[in-house]
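Below: the structure, in structure tokens.
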Amino acid sequence: MLLSLSPQTGALSIFLSAVGVEDAGMKDMESLCLQFDRTGQPLEVLKLVSRPLLPLGPHEVRVRMRYAPVNPADLNFIEGTYGRPAHPPAVPGHEGSGEVEEVGPAVESLEKGDLVVPIEGNSCWAQHLTAAEHHFAKLPRRLDRVQASMLRINPLTAWRILKGFVDLEKGDVIAQNAANSGVGRALIQIAKKEGIHTINFVRRPELIDELKALGADSVFLDNDEGLASAKSLLKKVPLRLAANAVSGDSAVRLMDMLSPEGTLVTYGAMSRQSLKVPNKFLIFKNLQLRGLWITKWVEKAGSAELYEALHPLAEMMRNGELAMAVDEIVPLKEFSKAITRAQESGRSGKVILDLAVN
Ligand SMILES: NC(=O)c1ccc[n+]([C@@H]2O[C@H](COP(=O)([O-])OP(=O)(O)OC[C@H]3O[C@@H](n4cnc5c(N)ncnc54)[C@H](OP(=O)(O)O)[C@@H]3O)[C@@H](O)[C@H]2O)c1
């Protein structure tokens, strides 16, 4: 399989090689990837396939992918329920990290050995990714590869929540649910660095101390009691921004806490319930209901704007100020184990596919 830049759309897209592995006589140049030929339950439709590597175009680089997390969006994409339709046969994986293995003769910005993450991040569950050089963001070489594989989606989403909606200043407060999620944990750490206080909701009591140790100012259970405790902290402080990744009753509690004219940013729906909005919050508080899809933001952002966000986040990762939690690292060939674990609740972080292990 060759992953390449589509000249029509300018987007990373997948071109399945018509040359079979046996025909190619290039066994030493095969590469493994996960693929689905129809949308459905990931465990039922995903399979490991081997494809030959094809020669590079002049502006292309070939990246040896190292690690890729299993995110909820990846599972939704395989199921066919994601915001961007899958066109099977397709290789999933919205993000990952790898090293440049080979560059085309006209490539200027990257060289062999550079640590990169794919910017648009399609098809990362593969041992090799080939695309035009501008489709990869270069990161400091010393950055931990596992951490780097989780940089582009969740920390960037947390960054946009904090920067893209309300002009928050040092000492301001943000509230969020699903605070133990990848985005939630990133938001806690980034907000702390920016001097913004966080009020966090989780559904498991054992997470309260853990998230406080990570830098959360306050952590409550996501129920009416937790809401009452959180509201008592907000008697003298306005809450102008809240981040919602759960919806249903959990989002209603965030709306209840927000000050008049406050903004609720919905970026996920882990409860699989709709966002329900009591009329009073629109009529009496004029709450602003906004949405964020980082994929769209990345598509629209210029490379300067993207790097303006990625660089400080990568720097925080390098300094240990931003650490994404890892539950388990699983070899590519044991992908069923990785998918099963990623679908379980009570994980202690991301399940990561180790793409280097055959
Ligand atoms: N809009 C965007 O651009 C964007 C970007 C990134 C992520 N997202 C979305 O944000 C959400 C979180 O993603 P992630 O990668 O950060 O997640 P993650 O690390 O996989 O964590 C999932 C979180 O959801 C919680 N959760 C699971 N089922 C739940 C339920 N039924 N009710 C309440 N909470 C539940 C889990 O709680 P426990 O820890 O208790 O299991 C955990 O905190 C997902 O919906 C994802 O699709 C959106």
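The values are calculated or read from the model by the stated rules, or taken from the named source; none is laboratory data. In this text, all values refer to a predicted model and were calculated from it rather than measured experimentally. Note that each Cβ is placed from the backbone with ideal geometry, even for glycine, and that neighbours are counted across all protein chains shown.
Values for this structure:
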{"read-out": "Residue match in segment 234-244 (condition: of a type in the set (Lys, Arg), surrounded by fewer than 16 Cβ atoms within 10 Å (Cβ to Cβ) and within 14 Å of the ligand (Cβ to nearest atom))", "value": "no"}
{"read-out": "Output for segment 46-103, where each listed residue is crowded, with 24+ Cβ neighbours inside 10 Å, hydrophobic (A, V, I, L, M, F, W, C) and within 24 Å of HIS134 (Cα to Cα)", "value": "VAL61, VAL63, MET65, ALA68"}
{"read-out": "Yes/no for ILE339 being in contact (Cβ under 8 Å) with a residue 24 or more places away in the chain, within 15 Å of the ligand (Cβ to nearest atom), touching a helix residue (DSSP H, G or I) at 6+ places or on another chain (Cβ under 7 Å) and assigned to a helix (DSSP H, G or I)", "value": "yes"}
{"read-out": "Among (1) away from the ligand (no atom under 16 Å from the Cβ); (2) more than 22 Å from the chain's Cα centre (by Cα); (3) surrounded by fewer than 16 Cβ atoms within 10 Å (Cβ to Cβ) - the single one ASP172 does not satisfy", "value": "(3)"}
{"read-out": "Strands (runs of 3 or more DSSP E) completely within segment 92-206 that count 1 or more residues being touching a residue at least 40 places away in the same chain (Cβ under 8 Å), in the same structural domain as VAL219 (by TED's automatic domain parsing) and under 30 Å from GLY346 (Cβ atoms)", "value": "173-176, 197-202"}
{"read-out": "Residue check, SER271 of a type in the set (Ser, Thr, Tyr), within 20 Å of ASN154 (Cα to Cα) and not in a helix (DSSP H, G or I)", "value": "yes"}
{"read-out": "Qualifying residue in segment 216-224 (condition: away from the ligand (no atom under 11 Å from the Cβ), buried (at least 21 other Cβ atoms within 10 Å of the Cβ), of a type in the set (A, V, I, L, M) and assigned by TED's automatic domain parsing to the domain that holds LEU168)", "value": "yes"}
{"read-out": "Residue in segment 56-71 that is modelled with pLDDT under 95 and not hydroxyl-bearing (Ser, Thr, Tyr) present", "value": "no"}
{"read-out": "Residues within segment 283-307 that are among the small types (Gly, Ala, Ser) and near the ligand (Cβ under 8 Å from one of its atoms), tallied", "value": "1"}
{"read-out": "Of all residues making up segment 234-248, the number that are over 20 Å from LEU162 (Cα atoms) and in contact (Cβ under 8 Å) with a residue 12 or more places away in the chain", "value": "1"}
{"read-out": "Test: LEU211 is modelled with pLDDT of 95 or more, part of a strand (DSSP E or B), in the same structural domain as GLN176 (by TED's automatic domain parsing) and in contact with a strand residue (DSSP E or B) (Cβ under 7 Å, 6 or more places away or on another chain)", "value": "no"}
{"read-out": "ARG253 vs. criteria within 13 Å of the ligand (Cβ to nearest atom), more than 26 Å from ARG318 (Cα to Cα), among the basic types (Lys, Arg) and in a loop (DSSP other than H, G, I, E, B)", "value": "no"}
{"read-out": "Residue within segment 140-153 that is under 21 Å from ALA243 (Cβ atoms), of a type in the set (Val, Ile, Thr) and either more than 15 Å from the chain's Cα centre (by Cα) or within 16 Å of the ligand (Cβ to nearest atom) (or both) present", "value": "yes"}
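Residues checked against (1) in contact with a strand residue (DSSP E or B) (Cβ under 8 Å, 6 or more places away or on another chain); (2) away from the ligand (no atom under 15 Å from the Cβ); (3) assigned to a loop (DSSP other than H, G, I, E, B):
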position: LYS276; (1), (2), (3): no, no, yes
position: ALA314; (1), (2), (3): yes, yes, no
position: ASP327; (1), (2), (3): yes, no, no
position: SER345; (1), (2), (3): no, no, yes
